[in-house]
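A.B. asks: Below you'll find the structure I mean.
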Amino acid sequence: MKKHSVVWFYILAFAISWLGWLPMVAGSRGISPFDSPVFQILLILPALGPALAAIIATAASDGKAGINLLLKLAQLKTSHNAKR
């Protein structure tokens, strides 16, 4: 995973995101038990998929130091946008 971290990021982002969409698609086709409203909570996965994939891929390739840098950059980005 360390050698091809960008490829793994895309694979993980796609997989995590589709884990949220598949129950909704199955429910729309009448496949039980996914037509229950309880499964709507899984719709958070498509929104968080890329962020979770970034954290997982960074942790695998750069360890805790990479995660700290990623979170620091994300915090810097959000604080910079708030000042505008």
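Where a number appears in this text, it was derived from the coordinates with a stated rule and is not lab data. These figures come from a predicted structure and were not determined experimentally. Every residue, glycine as well, gets a Cβ built from its backbone with ideal geometry; the counts of neighbours run over all protein chains shown.
A.B. asks: Would you mind putting 67-75, 44-52 in packing order, based on average other-beta-carbon counts within 10 Å, highest first?
C.D. replies: The densest-packed peptide leads the list: 44-52, 67-75.
A.B. asks: What list of ³J(HN,Hα) values in whole Hz, one per residue of the stretch 10-20 in order, does the Karplus curve 6.51 cos²θ - 1.76 cosθ + 1.60 (θ = phi - 60°) give from phi, with Gly and Pro shown as x?
C.D. replies: 5, 4, 5, 4, 5, 5, 5, 5, 6, 4, x
A.B. asks: So, R0 is 25 Å and r is the distance between the beta-carbons of Ile44 and Lys3; what FRET efficiency does that work out to, to 0.05?
C.D. replies: So the FRET efficiency works out to roughly 0.20.
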